[in-house]
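The values are calculated or read from the model by the stated rules, or taken from the named source; none is laboratory data. Because the structure is a prediction, the values reported are computed rather than measured. Positions of Cβ are generated from backbone atoms using ideal geometry, with glycine treated the same way; all protein chains shown enter the neighbour counts. Side chains included, ligands, DNA and RNA excluded: accessible areas come from the protein's heavy atoms. Shrake-Rupley method; radii C 1.70, N 1.55, O 1.52, S 1.80 Å.
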Amino acid sequence: MSHFSTVKTKLANRECLIFALTDLKLSPQVHEEAQPLKGYYSGSQGQSAEIIVSGRTIKARADIGFKWNQSSGVYDVIHDSFETVPKLGKDFFSNKLMLAYGQRMVRAKAAELQEQFGECAIAETTNGTVQTLRLTFAGHQEVKQFARR
């Protein structure tokens, strides 16, 4: 039976979440006030969210919502697993989305640290299932030469 489920996450940064969804080509719709989600049978089942991925984006009949949970300080994912799992995969939220979100968080932190340490280069490497982002700041590459007299 098709229905919405709410999943707790560790997604706390709104901008990084929106960029991660965009990186995954999910075209999120962002609202200041929570909007009703469209379910399998067209009704919202009383569910709403501030960030919505339309079901049409993934060729599904139910939306995916990210609702801010004031008490925990993170976004909850509201989705219909009967619709999302066949389209996105079983590990989409725990793996693909978290990887894209993590990359965005690293890039945001690098941009913040650039003010302190100078220009930042980001090198990305993948070894099997492990992806590494290496940050190199210009301030740490400064070389000084001294002449002996």
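Kindly state, to the nearest 0.05, the FRET efficiency for Val30 paired with Glu115, given R0 = 22 Å and r defined as their beta-carbon distance. My answer for the efficiency is 0.25.
The charge dipole of the chain, taken about the Cα centre with unit charges on the Cβ atoms of Lys, Arg (+1) and Asp, Glu (-1), comes to about 500 debye, rounded to the nearest 20. Proximity of backbone amide H atoms, modeled 1.01 Å from N, is registered between Thr9 and Val77 at under 5 Å, excluding neighbours fewer than 5 places apart on the same chain.
For a distance above 22 Å, tell me the whole-number percent of Cα pairs in the chain that qualify.
For the chain, the share of Cα pairs beyond 22 Å comes to 49 percent.
Dipole of region 55-131 computed with +1 at Lys/Arg Cβ and -1 at Asp/Glu Cβ about the Cα centre; of Met105, Ala60, Ser71, farthest Cα towards the positive end is Ala60. Per residue, the chain exposes an accessible area of 66 Å² to a 1.4 Å probe, with every protein chain left in place.
What size of dipole, in debye to the nearest 20, comes out for region 76-140 about its Cα centre when the only charges are +1 on Lys and Arg C-beta atoms and -1 on Asp and Glu C-beta atoms? List each step's numbers first, then the result.
On the way: 7 positive and 8 negative charges, 36 e Å.
Value, rounded to 20: 180 debye.
Given the DSSP H assignment, sum -39500 (n - 2.57) over each helix run of at least 4 residues in the chain and divide by its residue total; what's the result at 222 nm in deg cm²/dmol, nearest 500?
Details: 3 runs with 38 residues, N = 149.
So the helix-based figure for the chain works out to -8000 deg cm²/dmol.
Peptide packing for 94-102, 25-33, 4-12 was compared via the average number of neighbouring C-beta atoms within 10 Å per residue; ordered from the highest value, the list is 94-102, 4-12, 25-33.
What FRET efficiency, computed as 1/(1 + (r/R0)^6) with R0 = 22 Å and r the Cβ-Cβ distance, is obtained for Asn13 and Leu135, rounded to the nearest 0.05?
Numbers: r = 18 Å, r/R0 = 0.80.
It comes to 0.80.
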